[in-house]
Amino acid sequence: MVDDMSPTSTTHEAPSAPRDATPRGPFLPRLAVLWQFVRPHRRTLLLGLVLGLGTTAATLATPMVTKWVLDTLGTGESLTPAVLTLVGLLVVGLVLGLWQWVLLGTLAERVVLDARSSMVRRFFRARIGALTGRPTGELVTRVTSDTVLLREAASSSLVNLVNLAVSLVGTVVLMGVLDLVLLGTTLGAIVAIGVLVGALMPRIAKAQEKAQESLGSLGGTLEGGLRAIRTIKASRAEGRQIDRVLDDAQDSARHSVRAVRTEAVAWSIAGGGIQLAIIVILALGAWRVDQGLLAVSSLVAFLLYAFQIVEPVTGLTMNVTQLQAGIAAAGRIREVQAIEPEEDDDPAARRPAGVGAASGTAAPHDAPRLSLRGVTARYLPGGEPVVRDLDLDVPARGQGAVVGPAGAGKTTTFSLLLRFLQPESGRILLDGVPYDDLTFDDVRRRFAYVEQETPVVPGTIRENLRLSDPAATEKAMWAALAQVRLDAKVRSLPDGLDTSLVGTTVSGGERQRVALARAVLHAPDVLLLDEATAQVDGLTEAAVHAVIEDLARDRAVVTIAHRLSTVIDADVILVMEDGRVRARGTHPQLLATDELYRELVAALRIATEEAPAPR
């Protein structure tokens, strides 16, 4: 059951996604996942491929032109055409290479931006339950770290694999034109190297996937620890928390080192094998020249190709490794895109925004603003319901309080009203219109919600006040701050409304009043408060209650109550137990009729003799 004293609790939200969910199996289906990120930029990728092929062609032609230069020696012919051709190939190769480098670098950043934009949109459009079951730091890692791995794999690696393959094939063909015996020796070395390196590729991919998973876990543990830094220090648990974070860091480093070692072996085999093959080719070629079976110019050209073949062989190894890391990252990013979003099934079929509840028109004084009829909801499929056959009405005006033991369903009820959680059965009506006939926006713009812990939205006081009403004037903002007795404090700050709430200039209680001022500024039809006076001092508490009473004159204010003043001031109190409304009434009425309420009153140490007469 959700702990109602902590509205951000995620005890019964959706379970976290398995950490080892990276797509596995055959290479080509996994490559298709990566291709989904590249497809929108395929024309740019194709141009990069063409430029790369041009560079490869210039490189392949260079040894043959070198042979031309050597063959010209002693013939009396001019060396100028051959030398100019060499220079021309150099210039063409440099220009095409530079163009390709800039093009693919830009493409890589666009792919990363697209992936990050997609994930950020999905995070903020996702259903609450789909997000809160996952460590926040791990989600952040997917936007930051995984997209970096995606960068090269989704652009240059794909192009380089094609270019290097063409270079390898072209080199082999031209080597065959020069000498078939030396070509056979070279191919034997390439096959042997390919078999050895290919055997290491799965180990490299697995180590990289494990390293990324450990990195996500590291981000989650570190983010959670930093958010709870005061509690950790007060508990003298710095050392233990450091050990937890460093365990994840060491785990990530261990898998990364394993990948690096395997990659180093693969690259050493590829490079060393080719170098050994060149030595063999040189010795065999020298013997064939001595026997008159091969021209010296052909041997020089063949050796140039042999040196050139080192790049495509080692390059293919490195790019396949890089591609595997990108595929692993693409799979993790794809998991984010599979998170269920909040979306309206058929917006065209919804009630128009100017009709019924979406219009924001005043409801009759005696008509309920909100009604829940037989609502049952659960967080996990097959789990225990958190509310059962819940029936309650929220009047259009007045102040209501919801009380009950932990796990009674108080916060869950707020989640249902705000559509953070969908009911399994039953109906929720806003001004008589079923939620099913309204969009998420239709519902939520009628509400303002102040959480007990009041999470800071990164930004300034001005930006936080305008969160629900971006068009709010400065005069209206100062009026709202004055209502919660915070205007003097804000005016005393060097940056005034432009003071950042991320720092420590503004206290926790003042942040809570900023949240309440935002609700005042928004002027909703229904204000939901999870104990708005939880972090304010006694003098300010009276001012906050005055604001609530003022709002309750022409709108509904519903508070999850943990304190005496909230309970006593309420026009109606709902007592919840086991996901149902057990009793309702005023404070004196419930004291006289409900045993659970009396127990809650005793737990809160409310002096019954101080309770005012019912209104």
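The values are calculated or read from the model by the stated rules, or taken from the named source; none is laboratory data. These numbers come from a predicted model, not from an experiment. A quick note on method: Cβ atoms are made from the backbone with ideal geometry, for glycine too, and the neighbour counts reach across all protein chains shown. Side chains included, ligands, DNA and RNA excluded: accessible areas come from the protein's heavy atoms. Shrake-Rupley method; radii C 1.70, N 1.55, O 1.52, S 1.80 Å.
Here are some notes:
- Residue selected from segment 335-354 under the condition touching a strand residue (DSSP E or B) at 6+ places or on another chain (Cβ under 8 Å) and either on the phi > 0 side of the Ramachandran plot or open to solvent by 10 Å² or more (accessible area, probe 1.4 Å) (or both), by the criterion modelled with the highest pLDDT: P341
- Number of residues in segment 468-489 that are farther than 12 Å from A519 by Cα, among the β-branched types (V, I, T) and either in contact (Cβ under 8 Å) with a residue 60 or more places away in the chain or surrounded by 18 or more Cβ atoms within 10 Å (Cβ to Cβ) (or both) equals 0.
- For segment 305-334, residues that are open to solvent by less than 30 Å² (accessible area, probe 1.4 Å) and more than 26 Å from L196 (Cα to Cα) total 4.
- In the set (1) open to solvent by less than 30 Å² (accessible area, probe 1.4 Å); (2) modelled with pLDDT under 85, the condition left unmet by A534 is number (1).
- Qualifying residue in segment 537-551 (condition: over 28 Å from T473 (Cβ atoms), modelled with pLDDT of 85 or more and in contact with a helix residue (DSSP H, G or I) (Cβ under 7 Å, 6 or more places away or on another chain)): no
- Some residue of segment 116-138 being over 30 Å from A338 (Cα atoms) and surrounded by fewer than 18 Cβ atoms within 10 Å (Cβ to Cβ): no
- Screening D487, D498, D436, D431 for residues that are over 19 Å from P524 (Cβ atoms) and touching a strand residue (DSSP E or B) at 6+ places or on another chain (Cβ under 7 Å) leaves exactly one candidate, D498.
- Residue among A515, A480 that is in a helix (DSSP H, G or I), within 28 Å of R555 (Cα to Cα) and over 30 Å from the mean Cα position of the chain (by Cα): A480
- Extreme residue, modelled with the lowest pLDDT, among residues of segment 556-567 that are buried (at least 21 other Cβ atoms within 10 Å of the Cβ) and of a type outside the set (G, A, S): T566
- Cβ separations smaller than 7 Å between residues 6+ apart or across chains give the following pairs from segment 276-287 residues that are under 10 Å from T186 (Cβ atoms) to residues that are open to solvent by 60 Å² or more (accessible area, probe 1.4 Å) and not hydroxyl-bearing (S, T, Y): I278/F307.
- The residue list T22, T56, T80 contains one member that is surrounded by 14 or more Cβ atoms within 10 Å (Cβ to Cβ) and at pLDDT 80 or above, which is T56.
- Tallying residues that are surrounded by 23 or more Cβ atoms within 10 Å (Cβ to Cβ), in contact with a Lys or Arg (Cβ under 9 Å, 6 or more places away or on another chain) and of a type outside the set (A, V, I, L, M, F, W, C) within segment 408-420 yields 1.
- Taken over segment 193-216, residues that are of a type in the set (G, A, S) and open to solvent by less than 20 Å² (accessible area, probe 1.4 Å) amount to 5.
- Taken over segment 444-455, residues that are at negative phi, part of a loop (DSSP other than H, G, I, E, B) and either open to solvent by less than 60 Å² (accessible area, probe 1.4 Å) or among the polar types (S, T, N, Q) (or both) amount to 3.
- Extreme residue, most open to solvent (accessible area, probe 1.4 Å), among residues of segment 426-443 that are of a type outside the set (V, I, T) and assigned to a strand (DSSP E or B): R427
- Note on segment 276-292: among residues that are loosely packed, with under 15 Cβ neighbours inside 10 Å and more than 12 Å from L303 (Cβ to Cβ), the one that is modelled with the highest pLDDT is W287.
- Taking the listed residues R240, R230, R244, the one that is open to solvent by 80 Å² or more (accessible area, probe 1.4 Å), within 30 Å of G508 (Cα to Cα) and at pLDDT below 75 is R230, with no other qualifying.
- Considering residues of segment 548-606 that are in a loop (DSSP other than H, G, I, E, B) and of a type in the set (D, E) only, the residue nearest to the chain's Cα centre (by Cα): D578
- Cβ-Cβ contacts under 7 Å between residues 6 or more apart (or on different chains), taken from a first residue in segment 105-128 that is more than 14 Å from T144 (Cα to Cα) to a second residue that is of a type in the set (S, T, Y) and crowded, with 17+ Cβ neighbours inside 10 Å, are listed as L107/T44; L107/S155; A108/S155; A108/S156.
- Screening L293, L299, L284, L276 for residues that are assigned to a loop (DSSP other than H, G, I, E, B) and not acidic (D, E) leaves exactly one candidate, L293.
- In the set P395, P423, P458, P405, only one residue is touching a His at 6+ places or on another chain (Cβ under 9 Å) and open to solvent by 30 Å² or more (accessible area, probe 1.4 Å); that residue is P395.
- Segment 200-257: number of residues that are of a type in the set (G, A, S), in contact (Cβ under 8 Å) with a residue 12 or more places away in the chain and over 22 Å from G326 (Cα atoms): 2
- Test: V95 is within 30 Å of V296 (Cα to Cα), open to solvent by 30 Å² or more (accessible area, probe 1.4 Å) and either in a helix (DSSP H, G or I) or without any contact (Cβ under 8 Å) to a residue 40 or more places away in the chain (or both): no
- Inside segment 374-394, residues that are more than 28 Å from the chain's Cα centre (by Cα) and closer than 25 Å to V572 by Cβ make up a count of 13.
- Qualifying positions in segment 568-590 - farther than 16 Å from A408 by Cα, open to solvent by less than 30 Å² (accessible area, probe 1.4 Å) and hydrophobic (A, V, I, L, M, F, W, C): A570, L590
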